[in-house]
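The values are calculated or read from the model by the stated rules, or taken from the named source; none is laboratory data. Predicted model only: the values in this text are computed from it and were never measured. Ideal geometry is used to build each Cβ from the backbone, glycine not excepted, and the neighbour counts take in all protein chains shown. We work out accessible area using only protein heavy atoms, side chains counted, and drop any ligands, DNA or RNA first. Shrake-Rupley method; radii C 1.70, N 1.55, O 1.52, S 1.80 Å.
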Amino acid sequence: MRLPGRVGRTFEFLRTVFSEYSQDNGNLVAAAVSFYAFLSLIPLILLAVAIGSYFLGSPRHAEDLILSLVRRNAPALTVQGGIDIRRVVEQVVLGRGVATGFSLITLLWTGTSVIANFENAINLAWNVGQKRGFVRQRLLSLGLLLMMGGLLGVSLGITAAMKAIRGFHL
């Protein structure tokens, strides 16, 4: 039995989407991308604390700022598996040179992994058979990651400039 008109086409479209999603293991691919995205949060926080303590002058101020952001946006990270994130952040501030380097390397690895997995997911969804080699894929992912970071920096700069201009009174 076929449904008539627009309802039939909509139902057929949804059936096709679900079938393709199942054939491409959509849940597994989404889980892989989410895993690497979540994994990159910890080094990002550590890097933010280490760099923030340089720019803010006070490591304690940077620590409090980062912890308040974490509590507000990712409360599950504040105490996870018996590890107190405040203690981890304090240790990062104390050894910020090593922490910055480690966080940067880990962030680059997990960030490129997110982009590489996302590329693989899109290739799987669009049935692209040709794959890049490991090194070429990582270099492309690194370039995209750096480009996104640069665009984020420009966006934050423009936003800060606009707030400063708005707050400036003659």
Divide by every residue of the chain the summed helix terms, -39500 (n - 2.57) for each DSSP H run of at least 4, and state the resulting mean residue ellipticity at 222 nm, rounded to the nearest 500 deg cm²/dmol.
-28000 deg cm²/dmol
With DNA, RNA and ligands ignored, accessible area of Val33 (1.4 Å probe; Å², nearest 10):
30 Å²
Convex hull over the alpha-carbon atoms of the chain: what's its volume per residue in Å³?
212 Å³
Show me 62-68, 17-23 ranked by packing, highest mean number of other Cβ atoms within 10 Å first.
62-68, 17-23
When the charge dipole of the chain is computed with +1 at the Cβ of Lys and Arg and -1 at the Cβ of Asp and Glu, the Cα pointing farthest to the positive end, of Thr10, Ile105, Leu56, is that of Thr10
Name the helices (complete DSSP H segments) of the chain with a Cα length along the long axis of 24 Å or more and a Kyte-Doolittle mean of at least 0.5, or state none.
96-125, 134-167
Is the shape of region 97-170 best called rounded, prolate or oblate, per the rule: a/c under 1.5 gives rounded, else a/b larger than b/c gives prolate, else oblate, with a ≥ b ≥ c the square roots of the Cα gyration tensor eigenvalues?
oblate
